[in-house]
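Here's the structure we're looking at; comments come further down.
The values are calculated or read from the model by the stated rules, or taken from the named source; none is laboratory data. Keep in mind it's a predicted model, so treat the numbers as computed, not measured. When we count neighbours, we look across all protein chains shown, and the Cβ atoms used for this are built from the backbone with ideal geometry, even at glycine.
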Amino acid sequence: MFVKNTWYVAAWSSEVHADRLFSRVLLDTPVLLWRDAQGQVRALEDRCCHRGAPLSRGRLEGDKVRCLYHGLLFAPDGQCIEVPAQDRIPPNARVRGYPVVETKQWVWIWMGDPELANPADIPDTYWLDDPAWRYREGYLHYNVNYLLVTDNLLDFSHLPYVHPNTVGGDESFARLRPTIENVKDGLRISRWHLSSPPAPFVRKVTDWTDPVDRWNIYDFLVPGILLMHSGSAPAGTGAPEGRFEQAVEFRSAQAVTPETANSCHYFFSQAHNFCIDDPKVTDVIHQVLIDAFNEDHAMIHAQQNNLALDPAFEMVPVGLDAALNRFRWMIDKRLEQERAAAAPVSARARPEAATLAS
Amino acid sequence: MFVKNTWYVAAWSSEVHADRLFSRVLLDTPVLLWRDAQGQVRALEDRCCHRGAPLSRGRLEGDKVRCLYHGLLFAPDGQCIEVPAQDRIPPNARVRGYPVVETKQWVWIWMGDPELANPADIPDTYWLDDPAWRYREGYLHYNVNYLLVTDNLLDFSHLPYVHPNTVGGDESFARLRPTIENVKDGLRISRWHLSSPPAPFVRKVTDWTDPVDRWNIYDFLVPGILLMHSGSAPAGTGAPEGRFEQAVEFRSAQAVTPETANSCHYFFSQAHNFCIDDPKVTDVIHQVLIDAFNEDHAMIHAQQNNLALDPAFEMVPVGLDAALNRFRWMIDKRLEQERAAAAPVSARARPEAATLAS
Amino acid sequence: MFVKNTWYVAAWSSEVHADRLFSRVLLDTPVLLWRDAQGQVRALEDRCCHRGAPLSRGRLEGDKVRCLYHGLLFAPDGQCIEVPAQDRIPPNARVRGYPVVETKQWVWIWMGDPELANPADIPDTYWLDDPAWRYREGYLHYNVNYLLVTDNLLDFSHLPYVHPNTVGGDESFARLRPTIENVKDGLRISRWHLSSPPAPFVRKVTDWTDPVDRWNIYDFLVPGILLMHSGSAPAGTGAPEGRFEQAVEFRSAQAVTPETANSCHYFFSQAHNFCIDDPKVTDVIHQVLIDAFNEDHAMIHAQQNNLALDPAFEMVPVGLDAALNRFRWMIDKRLEQERAAAAPVSARARPEAATLAS
């Protein structure tokens, strides 16, 4: 079960081309992505309504897509408009189309009720498009349920333990309780680590050895979007007073999108606004991120193996889980709402009648 | 569930040897094949009745087979005739034997009620044994239910889409409705494609560039046997008038045999009766076939992946499916008959009594 | 279902280190093994009670183990003693600890009720520690239920069939019925093969070509422990009279421990007390054992594949199965006892009341 009525990241813009059919499984559904003649990204169910073949093995004919198993032709909205050797098109011959919005280097898709899709609800990742910032595009595939990845991202106390040589730092970092606030569709998590040794990745892009003030302030939004402002500055010169003149600052955009119940996609980037004309700095920052996220990858798959051995295993909650528990509760509430909305009207609207009947 | 009372292709003759035990899983059952002293192919369940070890890891002793786990010895009919360290053979110590007929380079096996096995029911693939024809033996393994492969073979409209550079041809081929007739245990499917560009594989073995008449006439028989007469001739000189003097002609024998519910064997060949003394022509024709069938293999596995993502997926039927739907209906009817025949006599013969009792 | 209240071999002593966390899945449970400051082997569930991460990816801090996902710290008995960013430790924050006994090069673990764990019940493998004997340590992993491996070890009639060139010998070996006696928690199986050709592995370490008397006498104990005295001596000079002066003698210690329902660990060794100062002899004997056990490995996996094809397959019992059937019966009885002991008191102690109520 996945939340349907929400925007998911389907791809980096750079993954979708005008002359190539791109396929990715999202929420248990094969999805075909391509650019039409106007350059606009289109999304169809990547499963021909006839015998289930992937349209992505097919052929673009202008803005139409022909299935190259038996030759059915589909309009960009998914309507079948040609079936070889017959004139009449069966009325149910169509594949599902999905609302898609491409903005700031990400392709967002809406897998739920298209009536509810509002592009204004898409989180703003402005720095992905802003020439003042530099980053590389990252992607990892996970063979675990996506909530194990969002759990990870909702509790940064794992940084010094999982990432001591990359994005982590002194273990005192883990002993700080972050501030957690509600924001629309998610949580804002803020952590100030004052007068602490600079983290390994910061030492790679500065010559700092003296203590720094470090901050991580991020919104974590349904269905699994992390938008972060972070940085470090010489201790005492930095935030929380908001004086970033001497700081190294980062903007991170990360998104977790379910593939199946047991796998997910992870899109990520870490932008910087200093040394923006030195691609080596961008490379170093990106490589540290990849190294760090491979550390998470190994840990989370090991966790998943352990959980699979005992379906009855019950986790012991601790204070560190505050944010991830709140986020899981948000997801559950959304799922419940969608289930209720999908139930037949009689069961929804007249519970008292159901009670009488039973 | 598989049809049991029918002849399946178990192997090419060349796969079964006198001095080697050959094993293949057919219809969820491990089957041992070898040649006895008379050169006759024998088939036993390849699973020792004692602890389930494969007899194919055992040893031939004349016409007997010894299991090389614990030493039980079996007669060629499957009866156990020796158990180490005891004189008495348990009466149920036997493995199942299967009727086998080797004819025209194929080994056919009957996995159902042996009383019903009639070699006269085996389809005639005479050209596999006829010196006027040449071919190479082909085999592919599929990790899909066998019906996805028979579906493919029952609708040649996929040829121009899946095989544009091998056995396909102009897309107008797909716009022709074939003639479909009932024959004993199957369907006869006939397609005449007049005045069309020669197919790529025909261009490889002729110097033709002008339009040809092309025909594909095949019987597709339960459980999954394709026997085809096909060919091309300069447009106007050819069939349907039946004048094949200037034609290139082919005979194809293909068979799909279930391995498990999710895998199957595919045996194939494409014989030609021209240039029979030029092995390069035979090689070229065979290589085109392998290339084409690898194209099917990729498409059908991609289709299977898509179907696995949604067990509730419902295919939209179109006119192209006429033959495959009729064939699936034949298979279902056979399954139903076998189920009914397997039901207890009381339930079969006296339904009224059953009704009274309930 | 596995017997719980019994000692299992968890590892060779040499696998467990003071400065390294070792992990192995035993009875569906991930288990962490290490040596404390006193060199004593400790065992904890290798699954942090917080989010299920493996403690084996963690860090030793003296005799404590820190989980390196979120930093929880555990005492050697499994009690959580530190949770980052909070003072109070949840009372249920603990991982399970297991009684462990290291003796004679094996680490034994008790996965059941710790109250019942009695080190005196551990079988004696004295020769693993005796300077008069030499051996190498062996280990194999199986992807089959452990009972298929214990079946194999309980019926040595497979030796001449599976191992003709390693530990097997003349097939007359298989025609001898061994003596089977009850011993505490298992069976004693004795086989004397008089005046037979020396086995291949014996020929490798002697210059014998004349017939020998060969014996294999072993206890096979719950849950899957084989302790064997075996050897060969020139025919007529040897046992059963117990005169071993001219014999080559071996002591074998082997143990099968379930990993999951479909996989297991196999620990083994074959000690000799002749040529003990010639490591090449020890190597030769060990290599033959590895070759032989790879032969079993191939056969048992092939058997498992065959059994998996038909869950309804029923084995035909023969006399050879006497020991393995008795052993399987012992295991079943133990499982039944443990189930009964685990049932609620009302159901156990007052069956008559249950009868009345029903």
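What to note about this one:
- Of residues in the stretch B:305-324 being facing another protein chain (nearest Cβ under 9 Å), assigned to a loop (DSSP other than H, G, I, E, B) and hydrophobic (A, V, I, L, M, F, W, C), the one farthest from residue B:262 (Cα to Cα): B:318
- Any hit, the stretch C:14-26, residues being in the same structural domain as residue C:101 (by TED's automatic domain parsing), touching a Lys or Arg at 6+ places or on another chain (Cβ under 7 Å), buried (at least 19 other Cβ atoms within 10 Å of the Cβ) and not β-branched (Val, Ile, Thr): no
- Only one entry of B:66, B:42 meets the criterion of being at pLDDT 95 or above, in contact with a Lys or Arg (Cβ under 9 Å, 6 or more places away or on another chain) and more than 14 Å from chain C (Cβ to nearest Cβ), and that entry is B:42.
- Any hit, the stretch C:106-117, residues being touching an Asp or Glu at 6+ places or on another chain (Cβ under 7 Å) and at negative phi: no
- Filtered by the rule that a residue be of a type outside the set (A, V, I, L, M) and within 11 Å of chain B (Cβ to nearest Cβ), the stretch A:93-114 gives a lone residue, A:94.
Each row is one residue, and each column tells you yes or no for (1) away from every other protein chain (no Cβ under 11 Å); (2) surrounded by 16 or more Cβ atoms within 10 Å (Cβ to Cβ); (3) within 30 Å of residue B:26 (Cβ to Cβ).
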position: C:275; (1), (2), (3): yes, yes, no
position: C:278; (1), (2), (3): yes, no, no
position: C:292; (1), (2), (3): yes, yes, no
position: C:297; (1), (2), (3): yes, yes, yes
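- Hey, residue A:311 surrounded by 15 or more Cβ atoms within 10 Å (Cβ to Cβ), within 30 Å of residue C:89 (Cα to Cα) and of a type outside the set (Gly, Ala, Ser) or not: no
Condition check ((1) assigned to a loop (DSSP other than H, G, I, E, B); (2) over 25 Å from the mean Cα position of the chain (by Cα); (3) at positive phi; (4) modelled with pLDDT of 95 or more) across all residues:
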residue	(1), (2), (3), (4)
C:150	no, no, no, yes
C:192	no, no, no, no
C:204	no, yes, no, no
C:209	yes, yes, no, no
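- Test: residue in the stretch B:152-172 that is touching a His at 6+ places or on another chain (Cβ under 7 Å), over 20 Å from residue B:286 (Cα atoms), within 14 Å of chain A (Cβ to nearest Cβ) and polar (S, T, N, Q): yes
- Filtering C:30, C:84, C:90 for residues that are surrounded by fewer than 18 Cβ atoms within 10 Å (Cβ to Cβ) and within 13 Å of chain A (Cβ to nearest Cβ) leaves a single hit, C:90.
- Selected residue (criterion: farthest from the other protein chains (Cβ to nearest Cβ)) from residues of the stretch B:45-63 that are of a type in the set (D, E, K, R) and farther than 24 Å from residue C:308 by Cβ: B:63
- Scoring residue B:341 on the criteria (1) at pLDDT 95 or above; (2) more than 17 Å from residue B:256 (Cα to Cα) leaves a single failure, condition (1).
- Failed criterion for residue B:53 (all others in (1) of a type in the set (Gly, Ala, Ser); (2) in contact with a Ser or Thr (Cβ under 9 Å, 6 or more places away or on another chain); (3) free of Cβ contacts under 8 Å to residues at least 60 places away in the same chain hold): (2)
- Hey, residue B:35 away from chain C (no Cβ under 14 Å) and crowded, with 16+ Cβ neighbours inside 10 Å or not: yes
- Within the stretch A:69-81, tally of residues that are in contact with a His (Cβ under 7 Å, 6 or more places away or on another chain) and away from every other protein chain (no Cβ under 14 Å): 0
- If the condition is being over 21 Å from residue A:252 (Cβ atoms) and among the hydroxyl-bearing types (Ser, Thr, Tyr), then the stretch A:94-109 contributes only A:98.
- Scanning the stretch C:1-27 for residues that are within 16 Å of residue C:264 (Cα to Cα), in contact with a helix residue (DSSP H, G or I) (Cβ under 9 Å, 6 or more places away or on another chain) and within 14 Å of chain A (Cβ to nearest Cβ) gives C:2, C:23, C:24, C:25.
- Failed item, numbered, when residue B:127 is tested on (1) under 30 Å from residue B:226 (Cβ atoms); (2) part of a loop (DSSP other than H, G, I, E, B): (2)
- Residue count for the stretch C:218-277, restricted to those that are assigned to a loop (DSSP other than H, G, I, E, B) and of a type in the set (A, V, I, L, M): 6
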